[in-house]
Amino acid sequence: MLRFFRQIRQRLLTDNKFSKYLLYAVGEILLVVIGILIALQIGSWNEDRKTKLSADRYRSKLINDLVNDTLNINQLMADGSLMQNEIEAYFKDFETQNLSLDECIKISGGVRAHFFRYFPINYTFEDMKNTGNAVLLSEEQRKALIELYNEQKFLLIIIDKSITDIKTYQYERGKHLDFDASESDFFDKVNWKQDTTRKKQGLLSQHNVLSNHLSLVTLFNYHALRIKDLTKKCIDLLNK
């Protein structure tokens, strides 16, 4: 093709047709410019296509994370509900039944109150923030995900604070009552006489442990529902 154009230029110069040569030269320049513009446009289309594919992949992974996080929260809420029912049943018996001090200690020790942790499933959004790929999302999508991310972090802070408080009361309880994992009673085993006052102090600490477990469940449920609402908002925006 280039050889063909050179032959035309050479023939026009040889025939001394300068005006036609000039017109041809302008036309050739225009063709080159048009070719460059077309190449640039094709390159831009390819980049736009790659960007769109990358954004679509990220949105799909974000939605998958959000769905799994909701399932995780639902399971934690269900576990918390079972624990809440046991604790409330004990407190109801404590208030309404004529239980002895030793019976209260024994029954309260059988209540299945346990710690639970929430680990947000937000790996994709973390990756997008760290790699700068959050720009692939719209401003509205980014704002919604950041709002959700901040709510998740706040819940983690609440859980950590609640567990710290519970551990403090567990430590106090351990000074007066045997709630360790061994089958034997520690105080009986070492012939350590437990008077009524110490037992009462231990039961009070146990009540504080159970009460703080209840508070943790209540706080978790409140913020979990908030997170679920924000999650739904994010999924709706990502599906647009």
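Evaluated at 37 °C with a viscosity of 0.692 mPa s, what Stokes-Einstein diffusion coefficient in µm²/s does segment 53-238 have when Rh comes from the Kirkwood expression over alpha-carbon pairs?
Working: Rh = 19.1 Å.
For these conditions, the coefficient is 172 µm²/s.
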* What's the exposure ranking of Ile227, Ile235, going from fewest to most Cβ atoms within 10 Å? -> Ile235, Ile227
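Among the listed pairs Lys161/Lys240; Lys161/Lys193; Lys92/Lys161; Lys161/Lys200, which are separated by more than 32 Å between their Cα atoms? Mind dumping the intermediate values first?
Numbers: Lys161/Lys240 38 Å; Lys161/Lys193 35 Å; Lys92/Lys161 27 Å; Lys161/Lys200 26 Å.
From the list (Lys161/Lys240; Lys161/Lys193; Lys92/Lys161; Lys161/Lys200), the Cα-Cα distance tops 32 Å for Lys161/Lys240; Lys161/Lys193.
Read-outs: derived from the displayed coordinates by stated rules, not from any lab. Computed from a predicted structure; not experimentally measured. Counting neighbours? That spans all protein chains shown, and the Cβs are built from the backbone with ideal geometry, glycine included.
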